[in-house]
Amino acid sequence: MKRWLAVLFFVVFICTAPSFAVDQSDPYSVKSTTVKTVPIKPAPKKTLPRETRMRATGKVIEISPEAIKIERNVKGTVETMDFSLVKPLDKIKVGDEVGVSYIAKDNQNIAKRISKVTKKKVTPPNDTKTAVNVPPGTPGK
């Protein structure tokens, strides 16, 4: 009987010992706190006003380090356009045919890119023969 009591006491001790160990706090553990998470809405994207680039082609009539003035033909009428320059131009002179890529800002045309326009000559290929209209019934060569 003493043996049974000893075994019962041992079993109760083994079963209750872990419960006492659980109640003790670990001095080396970091206490964690529960943080309420709030979903963050993405900030609305700010759309910058898009610059609309326009293009004009004409003949330079006046040029300075700050501005350029061109003359162009539009539907049979001559139109003069003024542009502000971002940087001075070295290779363009009065009388040159130029293409201007520009934007309109605050009622002012600002030239972004200026390039000379070169006219391409159309030449027929060397191996083609020119056709001669010969009326029917005439002897041909």
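The values are calculated or read from the model by the stated rules, or taken from the named source; none is laboratory data. Values in this document were obtained by computation on a predicted structure and should not be read as measured data. Neighbour counts run over all protein chains shown; Cβ positions are idealised from the backbone, glycine included.
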Qualifying residue in region 1-22 (condition: modelled with pLDDT under 90, surrounded by fewer than 12 Cβ atoms within 10 Å (Cβ to Cβ), out of contact with any His (no Cβ under 9 Å at 6 or more places or on another chain) and assigned to a loop (DSSP other than H, G, I, E, B)): yes
Counted residues, region 25-54 - those being surrounded by 10 or more Cβ atoms within 10 Å (Cβ to Cβ) and at pLDDT 80 or above: 2
Single residue of V100, V86 found to be surrounded by 13 or more Cβ atoms within 10 Å (Cβ to Cβ) and closer than 13 Å to R113 by Cα: V100
